[in-house]
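What follows is a single structure, written as structure tokens, with notes after it.
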Amino acid sequence: MFDSKGIIGLDIGSSYIKAVQLKERGSSYELELFEMLPISPELIVEGSIIDAIRLTEALKELTRKAKIKNKNVVISISGHSSVIIKRISLPEMTEEELSESIKFEAEQYVPFDIEDVNLDFQILGPKEEAGQMDVILVAVKRDVINDYVSVVKEAGFNPVIVDVDAFALENMYGVNYEIEAGTNVALVNIGASSINMNIMRGGVSVFTRDSSLGSNVHTEAMQKEFHVTYEEAERLKRGEASEKVKREDAYSVMSQASGDIFTEVSRSLDYFRSSTHQADVKEVILSGGCTLIPGFPRYLSEKIGIAVSLVEPFKNIQIPKKFDASYIKEIAPVAAVAVGLAVRRPGDR
Ligand SMILES: Nc1ncnc2c1ncn2[C@@H]1O[C@H](COP(=O)(O)OP(=O)(O)OP(=O)(O)O)[C@@H](O)[C@H]1O
Ligand SMILES: [Mg+2]
């Protein structure tokens with residue numbers, strides 16, 4: 001039988017790869033492993049693997065660093081050029097019936113050749129309109145999945161599930177938060193080169209959107225303004241002192257660059273409101289490395305006029321003494337997707 005105890009959530013981001021393993025303890029969890037490793041920005045571009053050899057090496061290095069023994073991993077894909085997630089309305093039918101007709105039903109919603117994607121769906125239940133049902137349709141480009149799967153295998157892992165970042169956030173939320181019926185909560189993950197948004201109503205996803213903007217805008221702005229390397233810019237972002245650049249100057253360039261991200265988040269929220277005619281979003285729960293930039297959550301909240309909080313992906317997860325609790329707390333927003341992947345089990349949906 002498959003040993004589901006030892007599954008690692010492996011979040012292969014374009015700037016950091018992260019691994020999380022959780023131990024089940026009755027209805028809650030305990031953290032078993034958390035490790036992350038920076039990778040060079042040219043290995044993964046716009047959600048596609050450009051340099052498989054170096055990415056494989058990085059994954060092997062992460063394995064060594066984290067002393068990972070278990071080989072079963074759950075990975076995820078994201079990005080608007082590889083993943084389509086849509087809530088659609090279909091005539092009522094059984095799961096088996098939809099399995100057979102999904103390709104035909106999906107064709108009009110998927111902007112890629114239907115033969116080139118892996119399709120999945122989840123029936124959300126009947127609509128008020130008689131004879132109709134709501135379905136979440138997921139289409140992921142097959143060659144992108146294959147690229148990720150082959151790199152992960154090459155690095156010595158056994159990929160048991162290929163998930164999607166937006167759904168990983170949803171699972172992370174389910175483990176850690178009380179679901180409030182009838183309220184909209186937006187999970188917004190801002191990494192280096194992407195924003196994943198998943199708006200949930202009463203714990204059910206009602207809207208998702210990926211954009212190809214992220215904290216690379218900060219890095220690029222610093223490089224341009226101060227003529228520094230990518231690595232130096234990354235250090236400046238973390239608030240580290242530098243001989244060349246004053247901290248205040250770095251801070252002001254970053255604040256300016258944040259404007260583009262605020263606009264993008266704001267636009268996605270507007271799109272949600274206009275396309276779904278849903279009541280307003282009560283809260284934005286932020287994750288991803290971009291949210292560690294000082295002041296970012298507060299300024300975003302001012303810009304969009306919605307309460308913003310930093311995600312707590314370990315809220316319901318016990319942290320044993322072997323971990324540095326203050327480091328885990330500080331870095332937690334970066335681990336949100338990996339936590340959501342680590343709670344997946346084969347055949348769980
Ligand atoms: N302590 C920090 N302070 C400021 N910025 C940080 C900090 N840590 C990470 N970042 C920035 O956050 C980004 C990394 O976040 P994250 O790990 O969520 O992205 P990713 O998953 O690699 O990217 P993506 O999902 O977009 O491919 C980088 O741009 C990095 O510079
Ligand atoms: Mg990411």
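The values are calculated or read from the model by the stated rules, or taken from the named source; none is laboratory data. Just so we're clear, the structure is a prediction, and the values are computed from it rather than from any experiment. Cβ: placed from backbone, ideal geometry, glycine included. Neighbour counts: every protein chain shown.
A few remarks follow.
- Residue count for segment 259-296, restricted to those that are polar (S, T, N, Q), surrounded by 16 or more Cβ atoms within 10 Å (Cβ to Cβ) and either more than 19 Å from the chain's Cα centre (by Cα) or within 16 Å of ligand 2 (Cβ to nearest atom) (or both): 2
- Segment 277-303 residues that are within 16 Å of ligand 1 (Cβ to nearest atom) and among the hydroxyl-bearing types (Ser, Thr, Tyr), paired with ones that are in a helix (DSSP H, G or I) and at pLDDT 95 or above (beta carbon under 6 Å, 6 or more apart): Ser287/Pro333; Ser287/Ala336; Thr291/Pro297; Thr291/Pro333
- Every residue from segment 304-349 that is closer than 20 Å to Ile75 by Cβ and without any contact (Cβ under 8 Å) to a residue 24 or more places away in the chain: Gly347, Asp348
- Qualifying residue in segment 334-349 (condition: modelled with pLDDT of 95 or more and surrounded by fewer than 19 Cβ atoms within 10 Å (Cβ to Cβ)): no
- For the residues Glu302, Glu248, Glu240, the requirement of being within 18 Å of Tyr16 (Cβ to Cβ) and over 23 Å from the mean Cα position of the chain (by Cα) singles out Glu240.
Yes/no matrix, rows are residues, columns are (1) more than 19 Å from Ile88 (Cα to Cα); (2) modelled with pLDDT of 95 or more; (3) within 16 Å of ligand 1 (Cβ to nearest atom):
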{"residue": "Pro111", "(1), (2), (3)": "no, no, no"}
{"residue": "Lys127", "(1), (2), (3)": "no, no, no"}
{"residue": "Ala130", "(1), (2), (3)": "no, no, no"}
{"residue": "Arg142", "(1), (2), (3)": "yes, yes, no"}
{"residue": "Asp147", "(1), (2), (3)": "yes, yes, yes"}
{"residue": "Lys153", "(1), (2), (3)": "yes, yes, no"}
{"residue": "Pro159", "(1), (2), (3)": "yes, yes, no"}
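Here's the yes/no breakdown for (1) within 23 Å of Phe167 (Cβ to Cβ); (2) more than 14 Å from the chain's Cα centre (by Cα):
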site	(1), (2)
Ile12	yes, no
Glu24	yes, yes
Ser28	yes, yes
Phe34	yes, yes
Glu42	no, yes
Leu55	yes, yes
Glu61	no, yes
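- Filter pass, Phe272 being more than 15 Å from ligand 1 (Cβ to nearest atom) and either charged (D, E, K, R) or modelled with pLDDT of 95 or more (or both): no
- Pairing residues of segment 87-113 that are in contact (Cβ under 8 Å) with a residue 60 or more places away in the chain with residues that are assigned to a strand (DSSP E or B) and not hydrophobic (A, V, I, L, M, F, W, C), at Cβ distances under 9 Å and at least 6 apart in sequence or on separate chains, gives Arg87/Asp134; Arg87/Ser205; Arg87/Thr208.
- Filtered residue count, segment 31-46, keeping only those that are closer than 30 Å to Asn316 by Cα and within 16 Å of ligand 2 (Cβ to nearest atom): 6
So that you can scan it fast, the table gives a plain yes or no per residue for (1) more than 16 Å from ligand 2 (Cβ to nearest atom); (2) farther than 25 Å from Ala19 by Cβ; (3) assigned to a strand (DSSP E or B):
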position: Leu119; (1), (2), (3): yes, yes, yes
position: Ile123; (1), (2), (3): yes, yes, yes
position: Asp147; (1), (2), (3): yes, no, no
position: Met172; (1), (2), (3): no, no, no
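- Asn189 being within 13 Å of the chain's Cα centre (by Cα), under 16 Å from Asp11 (Cα atoms), at pLDDT 95 or above and surrounded by 24 or more Cβ atoms within 10 Å (Cβ to Cβ): yes
- Test for Pro313: is it closer than 19 Å to Asp11 by Cα, in a loop (DSSP other than H, G, I, E, B), within 15 Å of ligand 2 (Cβ to nearest atom) and of a type outside the set (Lys, Arg): yes
- Strands (runs of 3 or more DSSP E) (entirely within segment 1-100) containing at least 2 residues that are at pLDDT below 95, crowded, with 17+ Cβ neighbours inside 10 Å and more than 16 Å from ligand 1 (Cβ to nearest atom): 83-91
- Subset of segment 158-185 that is within 17 Å of Ile49 (Cα to Cα) and touching a Ser or Thr at 6+ places or on another chain (Cβ under 9 Å) - its residue that is surrounded by the most Cβ atoms within 10 Å (Cβ to Cβ): Asp165
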